[in-house]
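Asker: What follows is a structure written as structure tokens; I'll ask about it next.
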Amino acid sequence: MELESLYQEVILDHYKHPANKKLSPDYTAQVHHVNTSCGDEITLNLSLKDGLISQVSWEGVGCSISQASTSIMTDLMIGKNTESALSVLGEFTSLMQSKGLAKGDELVLEDAVALAGVSKFPARIKCALLGWMAFKDAISQSVTQQEK
Amino acid sequence: MTSPIDVAALKRDFAIFDKKMRGGKQLVYLDSGATSQKPRQVLDAERFFYENNNAAVHRGAHLLAEEANEAYEGARQIVADFIGAGADETIFTKSATESLNLIAYSFGNSKPGSKFHLKAGDRIVVSEMEHHANLIPWQQLAKRTGAELVWFEITEEGRLDLSKIADVINKKTKIVAITHQSNVLGTINPIQEITQAAKKVGAVVVLDACQSAPHFQIDVKELGIDFLAFSGHKALGPTGVGICWGKGEHLSEMEPFLTGGSMIETVTMTDATWAPAPRKFEAGVPNMAQAVGLAAALNYLSKIGMDRVAEHDALLTEYALSKLVALPGVSVIGPQNGLDRGAVVSFTIDGIHPHDVGQALDGNGIAVRTGHHCAWPLMRKLNLVGTTRASFYIYNDLQDIDILVQSIGEAQKFFGVL
Ligand SMILES: Cc1ncc(COP(=O)(O)O)c(C=O)c1O
């Protein structure tokens, strides 16, 4: 089976013990995203304080890829400023579009490089990106809100 | 019990089974509920049409136009015979989805006074187990006209709850749109009970036969229905062709859905009149080669015999149910035995999301469907995010099910849930 190449140990660990999976009571922005092809859903709360991402928390149902990917993403993003958060997000998005050719920079993406194998399975890329796209949306909503 | 179909011999008609899947595995195709594979005879029929008869039907006086016409109208007759209908009542569309929209939009276009005109106070009945294709057109028609949408619920067992049938189908009811067989639960619904209730109040019955027409003998008169829809591509036919059947008396009173070429009688700059059915509902140059391909597909099925197809399906379904029901950590969704149940078996595995189940099975060359199966309201009712669905057809055998069962065990081990 090629399964091991897709489901790395790190992914299964995050799936079984997801990080930050409990919605915080306060937030700058809350978003809800759905993967229309499979019905997976996520709600994500993001808090922005002095330009830094102070909190990312979430709730949702989904496959191991979407759950692990979201968990890894929250670990990565908390403590970053919006600019570097968006640059990490950009790197992850291109890794997902790499059709199995890229490995991903571990210095930037940390645990998220374990998801590199997903890029070989077009049907699963949306799963891996669900939490990240919710995060991107939450960032842009937070920024607009703070500008007001 | 052994199958009346020689699967090994039949499979040679389907080139796709020569394909090597990931890791060199053989294809175990358990997704015919989504779309069936196509035998060579269907592809040959399409190619033959393009290479020998291709011309726009209903137009032109040249030899090819005549031959194309003959092929297309011949295909119509074959489809009509397949469902026990008249050729003039059998409309080619591009899919079942289009067929159902055709009916809904035609009703929506009807003028006050027409028996199809809907208004506030009228009622449209569907069920909780409908595919989106037989829910949304009616839901939206209700919204546009002010009619009320009501539905049959499902029982614990996954059958239609007809206990309140006289309340659901009441005097206000104008349309009952119902699936013959659920694409998720496999349940085959008792259509005659519904058509009897509908007849009493003068409502029309629209049957979604997507999952039934390819699998067992259908006779529109025996069923007592008013309209029927199915897709060619689930019945060994090509994509891009569907069927909409309606009783002649209805079709002649109905407004068209799509307008344009070929569907008219006369046209001036400010007005137009319609050709009689079926042409009234076939605007534009139709999918001719696909219609011819569908006829070849139905001929292929008829040659096997629909009673044999049904017997073969029943054998596989019983076998799959008996195996899956016995597996630890696996729950079969819908009726647990083969009674009034078609060749579709949905299940969930404790601790593994359907998407991951599908991926694990794919690793062994098995193609199944995962997710909400275009039946989101049903998933909500069942309190599920999705299921994994194995569906069977004439090219499957018991060994395919054994491979499925074994692979489920491997997946449970891999994800550490057993
Ligand atoms: C029960 C049922 N109804 C309607 C449809 C829609 O068919 P199509 O997508 O071919 O129009 C399907 C196919 O998925 C189905 O299973």
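Asker: Using a 7 Å offset from the Cα along the Cα-to-Cβ direction at both B:GLU249 and B:ASP307, what is the distance between the two label points in nm, to one decimal?
Answerer: Distance between label points: 3.2 nm.
Asker: Using a 1.4 angstrom probe on the protein heavy atoms only, line up B:VAL28, B:VAL150 by accessible area, largest first.
Answerer: So, going from the largest accessible area down, we get B:VAL150, B:VAL28.
Asker: Please sort by residue number the GluC sites (Glu not before Pro) in the range B:74-157 whose DSSP state is loop and whose Cβ has at most 15 other Cβ atoms within 10 Å.
Answerer: B:GLU153, B:GLU156, B:GLU157
Asker: Sticking with this one: Could you derive backbone 3J(HN,Hα) for the range B:405-418 from the dihedral phi with the Karplus parameters 6.51, -1.76 and 1.60 (θ = phi - 60°), listing whole Hz in sequence and x where the residue is Gly or Pro?
Answerer: The phi angles translate into 5, 5, 5, 4, x, 5, 5, 4, 5, 4, 8, x, 10, 9 Hz.
Asker: In square angstrom, rounded to the nearest 10, how much accessible surface does B:HIS353 have for a 1.4 Å probe?
Answerer: 20 Å²
Asker: Another question, if that's okay. Taking the full set of protein chains and a 1.4 angstrom probe, give the accessible area of B:TYR393 in square angstrom, rounded to the nearest 10.
Answerer: 0 Å²
Asker: Does the range B:146-276 come out rounded, prolate or oblate, given a ≥ b ≥ c as the square roots of the eigenvalues of its C-alpha gyration tensor, rounded meaning a/c under 1.5 and, failing that, prolate meaning a/b above b/c?
Answerer: Oblate shape, in that a/c is at least 1.5 and b/c is the bigger or equal ratio.
Asker: Express as a percent, rounded to the nearest 5, the fraction of DSSP beta bridges in chain B (both residues included) that run antiparallel.
Answerer: If we restrict to bridges inside chain B, about 60 percent are antiparallel.
Asker: Kindly report the accessible area of the range B:58-144 per residue (heavy atoms of protein chains, probe 1.4 Å, no ligands, DNA or RNA), in Å².
Answerer: Result: 41 Å² of accessible area for each residue.
Asker: Further question on the same structure: So, with a 1.4 angstrom probe, what is the percent of accessible area on the protein assembly as shown that is carbon and sulfur?
Answerer: That fraction is 53 percent.
Asker: Let me ask you something else. Using 7 Å Cα-to-Cβ label points, what is the B:LYS20/B:LEU258 separation (nm, one decimal)?
Answerer: My value for the distance between the label points is 4.2 nm.
Asker: Still on this structure: Once phi is turned into ³J(HN,Hα) by the Karplus curve 6.51 cos²θ - 1.76 cosθ + 1.60 with θ = phi - 60°, what whole-Hz value does each residue of the range B:70-82 show in order, with x for glycine and proline?
Answerer: Those phi angles translate into 4, 5, 5, 6, x, 4, 4, 5, 5, 5, 4, 4, 4 Hz.
Asker: So what are the ³J(HN,Hα) numbers for the range B:13-21, from phi and the Karplus equation (6.51, -1.76, 1.60; θ = phi - 60°), rounded to whole Hz, Gly and Pro as x?
Answerer: With coefficients 6.51, -1.76 and 1.60, one gets 6, 10, 4, 4, 6, 7, 5, 8, 8 Hz.
Asker: Sticking with this structure for a sec: How much length, in nm to one decimal, is gained on full extension between B:ARG40 and B:ASP219, taken as 0.36 nm per residue of separation minus their Cα-Cα distance? Don't skip to the end; give the middle numbers.
Answerer: Details: separation 179, 0.36 × 179 = 64.44 nm, distance 2.73 nm.
Computed gain between B:ARG40 and B:ASP219 is 61.7 nm.
Asker: Follow-up question, since we're still on this one. With everything on Cα atoms, drop me the angle between helix B:96-109 and the longest principal axis of chain B, reported from 0 to 90° to the nearest 10.
Answerer: Its long axis makes an angle of about 40 degrees.
Asker: Rank these residues by their accessible area, most exposed first, probe 1.4 Å: B:ARG341, B:ARG380, B:ARG369.
Answerer: My answer, sorted largest first, is B:ARG380, B:ARG369, B:ARG341.
Asker: Let me ask something else. Roughly what would the spin-label model give for A:SER54 and B:HIS62, points 7 Å off Cα along C-beta, in nm?
Answerer: For A:SER54 paired with B:HIS62, the spin-label model returns 7.7 nm.
Asker: What value, in deg cm²/dmol to 500, does the helix sum -39500 (n - 2.57) over DSSP H runs of n ≥ 4 give at 222 nm once divided by the residues of chain B?
Answerer: Numbers: 14 runs with 153 residues, N = 418.
Per the formula, -11000 deg cm²/dmol.
Asker: When the dipole is taken about the Cα centre of the range A:12-54, and only Lys, Arg (+1) and Asp, Glu (-1) are charged at their Cβ, what size is it in debye, to the nearest 20?
Answerer: Values: 4 positive and 5 negative charges, 23 e Å.
For this selection, approximately 120 debye.
Asker: So, taking all protein chains as they sit and a 1.4 Å probe, how much accessible area belongs to B:TYR300, in Å² rounded to tens?
Answerer: My reading of the accessible area for B:TYR300 is about 30 Å².
Asker: While we're looking at this one, here's another question. Taking amide H positions as placed in the peptide plane 1.01 Å from N, state which residues far from B:ILE264 in sequence (5 or more) or on other chains have amide H under 5 Å from it.
Answerer: B:ALA275
The values are calculated or read from the model by the stated rules, or taken from the named source; none is laboratory data. Quick caveat: nothing in here was measured; it's all calculated off a predicted structure. Don't worry about glycine lacking a Cβ; one is built from the backbone with ideal geometry, like all the others, and counts go over all protein chains shown. For accessibility, only protein heavy atoms count, side chains too; no ligands or nucleic acids. Shrake-Rupley method; radii C 1.70, N 1.55, O 1.52, S 1.80 Å.
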